[in-house]
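Taking it in order: structure first as structure tokens, then the write-up.
The values are calculated or read from the model by the stated rules, or taken from the named source; none is laboratory data. Since the structure is predicted, the reported quantities are computational estimates derived from the model, not experimental observations. Backbone-built Cβ (ideal geometry, glycine too); neighbour counts: all protein chains shown. All accessible areas refer to the heavy atoms of the entire protein, side chains included, with ligands and DNA or RNA removed. Shrake-Rupley method; radii C 1.70, N 1.55, O 1.52, S 1.80 Å.
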Amino acid sequence: MAASASPTPSLKRATATKSFVNHVVEVYAHANRLQYKYPSLKVFLRREMTLYSYFPTNPPDAFLSLKTNDRLRRFFFDVVPKDMPPSAINRRLINYMEFFDDGGWDATNSNLPKFLFLLENPATENRLRRAAHAVRSRFDLDDEVEVYTATAENLVCENYAIWSNIDEPGEILSLDEL
């Protein structure tokens, strides 16, 4: 007599939308590119972050930790598709700011992570920059929260310096310079 398997795991997977699956695959691909460029980079995906109380309830796509000679750098990493509505971008930014403003990161006893937003195209990048400025200015974290953007096309290139601070858009930096 064959034992029946629990239907829950397969039912849960069956409800994932195609866009969700595509997004997760895209996050994995970009995280792998970053790890290739920075071998000491540790990547924690959403599933792993849910195990820790010091991450927001709706965590970033990935949490990155890069150890260099002089220090440990931490990042919230999100991949933003070109069709993401402005309201969803604002909501994500507001959730992060509220989480930090309410002391959610205090348990780590470390500096706030920097935000890395990887965008599909320059138009989406410009839209996110404007939204990040507006949302960040509404909180008392304006000086503490650093937001960097890059396009997915630039990540694929061999150039390591792809990240641009929303406060100094002309300066392009590599991950280990942030």
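Quick check on F100: is it open to solvent by less than 80 Å² (accessible area, probe 1.4 Å), at negative phi and assigned to a strand (DSSP E or B)? Steps first, please.
Details: open to solvent by less than 80 Å² (accessible area, probe 1.4 Å): yes; at negative phi: yes; assigned to a strand (DSSP E or B): no.
The answer is no for F100.
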*Given the structure, is P56 within 22 Å of D167 (Cβ to Cβ), open to solvent by less than 60 Å² (accessible area, probe 1.4 Å), at pLDDT 90 or above and not charged (D, E, K, R)?*
no
*Restricting attention to the stretch 121-140, does a residue exist that is crowded, with 17+ Cβ neighbours inside 10 Å and assigned to a loop (DSSP other than H, G, I, E, B)?*
no
*Which condition breaks for A3 when tested against (1) more than 18 Å from I162 (Cα to Cα); (2) of a type outside the set (V, I, T); (3) at pLDDT 90 or above?*
(3)
*Of the criteria (1) open to solvent by 30 Å² or more (accessible area, probe 1.4 Å); (2) at pLDDT 90 or above, which one L51 fails*: (2)
*Give the number of residues within the stretch 142-165 that are touching a residue at least 60 places away in the same chain (Cβ under 8 Å) and open to solvent by 60 Å² or more (accessible area, probe 1.4 Å).*
2
*Any idea how many residues of the stretch 81-97 are open to solvent by 60 Å² or more (accessible area, probe 1.4 Å) and either small (G, A, S) or in contact with an Asp or Glu (Cβ under 8 Å, 6 or more places away or on another chain) (or both)?*
2
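Output the residues belonging to the stretch 103-120 that are part of a loop (DSSP other than H, G, I, E, B) and either among the charged types (D, E, K, R) or in contact (Cβ under 8 Å) with a residue 24 or more places away in the chain (or both). Spell out the reasoning first.
First, pick out the residues of the stretch 103-120 that are part of a loop (DSSP other than H, G, I, E, B): 103-105, 109-113, 120.
Correct list: G104, W105, S110, N111, L112, P113, E120.
Out of F77, F20, which single residue is of a type in the set (F, W, Y) and surrounded by 15 or more Cβ atoms within 10 Å (Cβ to Cβ)?
Details: F20 fails: surrounded by 15 or more Cβ atoms within 10 Å (Cβ to Cβ).
Matching residue, one of F77, F20: F77.
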_in a loop (DSSP other than H, G, I, E, B) and of a type in the set (F, W, Y): is that true of Y148 in this structure?_
no
*Scan the stretch 59-74 residue by residue and report those that are open to solvent by 70 Å² or more (accessible area, probe 1.4 Å) and either under 25 Å from E125 (Cβ atoms) or part of a loop (DSSP other than H, G, I, E, B) (or both).*
N69, D70, R71, R74
*For the subset of the stretch 106-119 comprising residues that are more than 16 Å from D143 (Cα to Cα) and open to solvent by less than 10 Å² (accessible area, probe 1.4 Å), which member is farthest from the chain's Cα centre (by Cα)?*
L119
